[in-house]
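Student: Shown below is the structure under consideration.
The values are calculated or read from the model by the stated rules, or taken from the named source; none is laboratory data. Note that this is a predicted model, so its numbers are computed, not measured. Cβ coordinates were reconstructed from backbone atoms using ideal geometry, including for glycine residues, and neighbour counts include every protein chain displayed. Quick note on the areas: whole protein, heavy atoms, side chains included, nothing else; ligands and nucleic acids left out. Shrake-Rupley method; radii C 1.70, N 1.55, O 1.52, S 1.80 Å.
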Amino acid sequence: MNLLLKFATIIDNTSPFHLQKKDILIVNGIVTKIANSIKNTNNYKEIKLDNLHISQGWFDTSVCFGEPGFEEHETIENGLKTAAKSGFTAVAVNPNTNPVADTKSTIEFLKNKAVNAATELYPIGNLTKHAKGEDLAELFDMQNSGAIAFGDYNKSIANANLIKIGLQYAQNFNGLIISFPQDNTIAGDGLVNEEVNSTKLGLKGIPALAEELQIVRDLFILEYTGGKLHIPTISTKKSVNLIKEAKRKGLNVTCSVAAHHLVLTDDELIRFDSNTKVLPPLRTLKDTKALIKGINDGTIDIITSDHNPIDIEHKKVEYQNAKYGTIGLESLFGVLNNVIEIETLINCLTTNPRNRFKIENFPIIEGEKANLTLFNPNFEYTFTVNNILSTSKNAIFLTKKMNGKVYGIYSKNKLIL
């Protein structure tokens, strides 16, 4: 598709046109010209949008789609459409499917299902067979088939030796190990953050200690083994400090934070809305502030939606019986645009995650492939069911005020608006 973007402000600190308003000409999927004004002499499709901003295409490192096995939650086809209209040109899909993604054939299935989509799908393979935390899965074979990292989604590995062996083995092919930060012997059968609100509401708590102990253990193992470790969706102040210290020591560790942990606290629990049941649980204002500080100082590398569609039968039930998870692709930009400075936010959605997961970058320069997210950072609205594109409607941000509208993406020579 040939395209002329008019009056677009470029947000890309790897581009010489960063923070400049330009016209961008795209021919056969390649950025052929960037200038103050470009005449549309060939009558190409012209895009003029209110307060148009563009960046490199966003990449979400933690997304669940359900298929295969849980298509009632979400299908790959609709999930990728949702991602595209939410501004994501690439997503890393978690292996919590049925069967789980623990073999090369399941990785190849996921890749093949997404071959024609504008948004690129990158599978995360299970670290352990059948996600049982007992034996390593076929890591090398899965990476050769397209897996970009290995971890059991929202399941911690109790066996410290298994993490040790995984980190050692993955070094042979430069693999990235993901370790979910929760010690289940501490978390027990807790449901929410252990604090004043859990006591008031009579809900069993998960102490911050459960997360922090697991992180300490994994960082000690990483220091012993070497290798590459990614800790997903951290949620506490002490977790930020632990990872900051590990980076200072030179350990090859990165971490992510989910959007809802940056703006919501366990005060939300007062509504007993099962959409607020997420893992890790919503923490305190002290933790939220520390997480934002961690993003601003570079301790936290990546922001994710941690998008996890859950069907109504498993969400619209008593709080203790509801499954963990919220959708988040549709709301991520609107909810964070006022919380995180725009350039930092874009870095945490583009170059930072792409570099860590070894995904190609697409700087906005002449001669490069066009892989773009189109958005307006100044657009206020209230998030409602009408804004949900996912099959499941378990949105933690329903009725919340947003500022920032995603227009769509241009990726793989396709424009999705």
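Student: In the list I388, I396, which residue meets the criterion of being of a type in the set (V, I, T), touching a His at 6+ places or on another chain (Cβ under 9 Å) and crowded, with 19+ Cβ neighbours inside 10 Å?
Tutor: On the way: I388 fails: touching a His at 6+ places or on another chain (Cβ under 9 Å).
I396 is the lone residue from the list that is of a type in the set (V, I, T), touching a His at 6+ places or on another chain (Cβ under 9 Å) and crowded, with 19+ Cβ neighbours inside 10 Å.
Student: Here's something else I'd like to know. Hey, any hits in region 379-388 for a residue that's part of a loop (DSSP other than H, G, I, E, B), under 30 Å from A322 (Cβ atoms) and touching a Lys or Arg at 6+ places or on another chain (Cβ under 8 Å)?
Tutor: Yes, because at least one residue in region 379-388 is part of a loop (DSSP other than H, G, I, E, B), under 30 Å from A322 (Cβ atoms) and touching a Lys or Arg at 6+ places or on another chain (Cβ under 8 Å).
Student: Show the residue pairs that are 6+ apart or on different chains and have beta-carbon atoms under 6 Å apart, the first residue being within region 1-12 and over 15 Å from D50 (Cα atoms) and assigned to a loop (DSSP other than H, G, I, E, B), the second being open to solvent by 10 Å² or more (accessible area, probe 1.4 Å) and not aromatic (F, W, Y).
Tutor: These pairs meet every condition: M1/N413; M1/L415; N2/V27; D12/H18.
Student: I would also like to ask the following. Please determine, by comparing only the residues of region 159-211 that are open to solvent by 20 Å² or more (accessible area, probe 1.4 Å) and among the charged types (D, E, K, R), which one is nearest to I270 (Cα to Cα).
Tutor: Only one residue fits best here, namely K200.
Student: Of the residues that make up region 344-365, is at least one in a strand (DSSP E or B) and open to solvent by 30 Å² or more (accessible area, probe 1.4 Å)?
Tutor: Within region 344-365 (the criterion being in a strand (DSSP E or B) and open to solvent by 30 Å² or more (accessible area, probe 1.4 Å)), the answer is no, since none of the residues qualifies.
Student: Going by the structure shown, is I302 at pLDDT 95 or above and within 12 Å of the chain's Cα centre (by Cα)? Quick ask: steps written out before the conclusion?
Tutor: Values: at pLDDT 95 or above: yes; within 12 Å of the chain's Cα centre (by Cα): yes.
When the stated conditions are applied, I302 passes them.
Student: Across region 99-143, which residue is least open to solvent (accessible area, probe 1.4 Å) among those that are over 19 Å from C64 (Cβ atoms), in a helix (DSSP H, G or I) and not acidic (D, E)?
Tutor: Here the residue is L139.
Student: Hey, does region 284-293 have a residue that's modelled with pLDDT of 95 or more, within 17 Å of A259 (Cβ to Cβ) and either touching a Lys or Arg at 6+ places or on another chain (Cβ under 6 Å) or of a type in the set (F, W, Y) (or both)?
Tutor: yes
Student: What are the residues in region 252-265 that are open to solvent by 10 Å² or more (accessible area, probe 1.4 Å) and either within 15 Å of the chain's Cα centre (by Cα) or of a type in the set (D, E, K, R) (or both), if any?
Tutor: Residue satisfying the conditions is T254 alone.
Student: Among residues belonging to region 268-310 that are acidic (D, E) and part of a loop (DSSP other than H, G, I, E, B), point out the one that is least open to solvent (accessible area, probe 1.4 Å). First the steps, then the outcome.
Tutor: Quick first cut of region 268-310, residues acidic (D, E) only: 268, 273, 287, 297, 301, 306.
Now restrict to residues that are part of a loop (DSSP other than H, G, I, E, B): 273, 297, 301, 306.
Working: D273: 41, D297: 73, D301: 27, D306: 9 Å².
Once the filter is applied, the top-ranked residue is D306.
Student: For I11, are the conditions met, namely being out of contact with any Cys (no Cβ under 9 Å at 6 or more places or on another chain) and crowded, with 21+ Cβ neighbours inside 10 Å?
Tutor: yes
Student: Turning to a different aspect of this structure: Hey, can you tell me all the residues within region 55-80 that are of a type in the set (D, E, K, R), outside any loop (DSSP other than H, G, I, E, B) and surrounded by fewer than 24 Cβ atoms within 10 Å (Cβ to Cβ)?
Tutor: As a first pass, look at region 55-80 and keep what is of a type in the set (D, E, K, R): 60, 67, 71-72, 74, 77.
Applying the additional criterion that residues be outside any loop (DSSP other than H, G, I, E, B) yields 60, 77.
Listed by number, the list holds a single entry, E77.
Student: Of all residues in region 14-32, which are in contact (Cβ under 8 Å) with a residue 40 or more places away in the chain, open to solvent by 10 Å² or more (accessible area, probe 1.4 Å) and among the β-branched types (V, I, T)?
Tutor: The answer is T14, I30, T32.
Student: Right, G188: out of contact with any Asp or Glu (no Cβ under 8 Å at 6 or more places or on another chain) and closer than 18 Å to L279 by Cβ or not? First the steps, then the outcome.
Tutor: Working: out of contact with any Asp or Glu (no Cβ under 8 Å at 6 or more places or on another chain): yes; closer than 18 Å to L279 by Cβ: yes.
Against the criterion (out of contact with any Asp or Glu (no Cβ under 8 Å at 6 or more places or on another chain) and closer than 18 Å to L279 by Cβ), G188 qualifies.
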